[in-house]
Amino acid sequence: MSIKEFFHLLRWDWRMNRGWTLDRLRSMLLLLDFRYEQLIHRNFCRPKNPITIIWYLTRFLGSIFQWFIATSLIPGDAKIGRGLRLPHPQNIIVSRFATIGEFCTLYQNVSIGLNGFKPDKPPTIGDRVMLGTGSIVVGDITIGSDVIIGVGAAIVRSVPAHSRVFGPRPSVLTNHPSRNLAEPGSDEHINDPYSIWR
């Protein structure tokens with residue numbers, strides 16, 4: 001990752017989390033730390049290279065900072081696309097090597113984790129996915145693009161694109177996308193974050 005890409009991703013994250021509330025400030029600080037860790041991980045974490053210690057030191061200090069700011073843990077070795085939105089950044093846990101697409105929204109108490117039986121296969125989440133408060137995504141699963149996962153849903157199976165998942169015993173409802181969706185990252189999307197899912 002180059003410095004130019006670092007600032008590009010950071011600019012999109014800040015654009016999606018703009019505003020002057022305490023939650024927005026914490027979101028911006030959390031994303032700044034995550035993107036910095038991502039920069040260090042991609043440039044310094046190499047097998048059997050003594051300079052890898054820079055990554056471990058950055059991750060250690062970053063985890064303390066993230067925990068202090070928002071009791072969240074988003075490691076720099078997770079792959080997260082541009083425009084991540086964190087409306088309330090408390091208690092968000094993302095596992096190492098998880099993949100999250102562009103313009104996703106994570107609410108408070110979201111957990112994206114590994115299955116204990118397959119610790120080397122983290123979840124993959126597509127573009128424009130909203131994870132509601134308290135939702136849990138676990139294991140070697142794929143969540144397609146344009147998906148809304150409701151409050152408290154525990155996802156342990158793959159979810160197809162253009163779906164809605166609701167309830168503690170998740171039921172998947174397919175949804176045909178509207179033709180009047182906002183372009184991700186557009187001013188309409190910034191002003192009304194839900195306009196990309198209608």
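The values are calculated or read from the model by the stated rules, or taken from the named source; none is laboratory data. The structure presented is a predicted model; accordingly, all values stated were derived computationally and were not measured. Cβ atoms come from the backbone with ideal geometry, glycine included; neighbour counts cover every protein chain shown.
Does any residue of the stretch 174-190 turn out to be β-branched (Val, Ile, Thr) and closer than 28 Å to Ile69 by Cα? Checked the stretch 174-190: at least one residue is β-branched (Val, Ile, Thr) and closer than 28 Å to Ile69 by Cα.
For the stretch 96-116, a residue qualifies if it is out of contact with any Asp or Glu (no Cβ under 9 Å at 6 or more places or on another chain) and either of a type in the set (Asp, Glu) or farther than 24 Å from Arg164 by Cβ (or both), and exactly one does: Gly116. Within the stretch 182-198, count every residue that is modelled with pLDDT of 75 or more and either hydrophobic (A, V, I, L, M, F, W, C) or over 18 Å from Gly83 (Cβ atoms) (or both). So the answer is 2.
So if I check each of Trp67, Trp55, which one is crowded, with 20+ Cβ neighbours inside 10 Å, over 16 Å from Ile100 (Cα atoms), aromatic (Phe, Trp, Tyr) and over 14 Å from the mean Cα position of the chain (by Cα)? Break it down stepwise before answering.
Values: Trp67 fails: crowded, with 20+ Cβ neighbours inside 10 Å.
Answer to the check: Trp55.
Which of the following residues is of a type outside the set (Phe, Trp, Tyr) and out of contact with any helix residue (DSSP H, G or I) (no Cβ under 7 Å at 6 or more places or on another chain): Ile190, Ile93?
Numbers: Ile190 fails: out of contact with any helix residue (DSSP H, G or I) (no Cβ under 7 Å at 6 or more places or on another chain).
When all the criteria are applied, what remains is Ile93.
Kindly establish whether Arg35 is surrounded by 19 or more Cβ atoms within 10 Å (Cβ to Cβ) and within 20 Å of the chain's Cα centre (by Cα). Before the answer, list the steps.
On the way: surrounded by 19 or more Cβ atoms within 10 Å (Cβ to Cβ): yes; within 20 Å of the chain's Cα centre (by Cα): yes.
Judged against the criteria, Arg35 is a match.
The condition of being among the aromatic types (Phe, Trp, Tyr) and farther than 22 Å from Leu86 by Cα holds for only one of Tyr36, Tyr56, that being Tyr56.
Can you confirm whether Gly62 is farther than 25 Å from His189 by Cα and either touching a Pro at 6+ places or on another chain (Cβ under 9 Å) or of a type in the set (A, V, I, L, M, F, W, C) (or both)? Yes: the conditions hold for Gly62.
For (1) touching a residue at least 24 places away in the same chain (Cβ under 8 Å); (2) under 19 Å from Ser63 (Cα atoms); (3) more than 12 Å from the chain's Cα centre (by Cα), each residue gets a yes or a no:
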position	(1), (2), (3)
Arg85	yes, no, no
Asn91	no, yes, yes
Ser95	yes, yes, no
Leu106	yes, yes, no
Val129	yes, no, no
Gly134	yes, no, yes
Val147	no, no, yes
Gly150	no, no, yes
Ala161	yes, no, yes
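Among the residues making up the stretch 123-156, a single one is in contact with a Phe, Trp or Tyr (Cβ under 7 Å, 6 or more places away or on another chain) and of a type in the set (S, T, N, Q): Thr133.
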